[in-house]
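Below is one structure, written out as structure tokens; comments come after it.
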Amino acid sequence: MEDCIFCKIANKELPSFKIYEDDRYLSFLDIFPRVKGHALVIPKKHYRWVNDVPEFGEYWEVAKKVGTMIQKKQRSAYISYVTIGNEVPHAHIHIMPQSTGGLEGFHLDPVFHMKKSEIEKLAKELQK
């Protein structure tokens, strides 16, 4: 895609702080990090959403490989893998090392309350 910043990074038209690359995927440090070591994994080919990537499992295996490498090198407690998708219109997985038992770098809204009967009804609808 012509105006996509991630496509330009993948095509080496823009610089990045690359930490991993293979034939299909690229990982680089986020220039607006939420935590130290915050990285992104993108497919080199343009897809709008993570769910659009045909090799979905392979994509996540690359994210796991990068996340494991970051966790080991930074000695973080664990890794959060986050897909939001509305910041840049190109599929990307955020990899955010966590140094404590808490959640660092992003916040979840309070629990969305549903009655047990509503959850049960929704589950049945989704099973169809």
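The values are calculated or read from the model by the stated rules, or taken from the named source; none is laboratory data. Note that the structure is a prediction, hence the values are computed from the model and not measured. Every residue, glycine among them, receives a Cβ derived from its backbone with ideal geometry; neighbour counts consider all protein chains shown.
The strands (runs of 3 or more DSSP E) found entirely in the stretch 22-83 that carry 3 or more residues being modelled with pLDDT of 95 or more and of a type outside the set (Val, Ile, Thr) are 25-29, 39-43. In this structure, is Glu2 at pLDDT below 95, closer than 22 Å to Leu108 by Cα and either of a type outside the set (Lys, Arg) or crowded, with 18+ Cβ neighbours inside 10 Å (or both)? When the stated conditions are applied, Glu2 does not pass them.
Restricting attention to the stretch 59-80, the residues being surrounded by 13 or more Cβ atoms within 10 Å (Cβ to Cβ) and either closer than 19 Å to Phe17 by Cα or among the charged types (D, E, K, R) (or both) number 10. As a summary of the residue check, Met96 satisfies the conditions (1) assigned to a loop (DSSP other than H, G, I, E, B); (2) of a type in the set (A, V, I, L, M); (3) in contact (Cβ under 8 Å) with a residue 40 or more places away in the chain except for the one numbered (1).
Here the stretch 99-128 is the region considered, the condition is being among the hydrophobic types (A, V, I, L, M, F, W, C), surrounded by 11 or more Cβ atoms within 10 Å (Cβ to Cβ) and assigned to a loop (DSSP other than H, G, I, E, B), and the residue that is modelled with the lowest pLDDT is Phe106.
Set side by side, the residues Asp52, Asp30 differ, and just one is acidic (Asp, Glu) and crowded, with 17+ Cβ neighbours inside 10 Å, which is Asp30.
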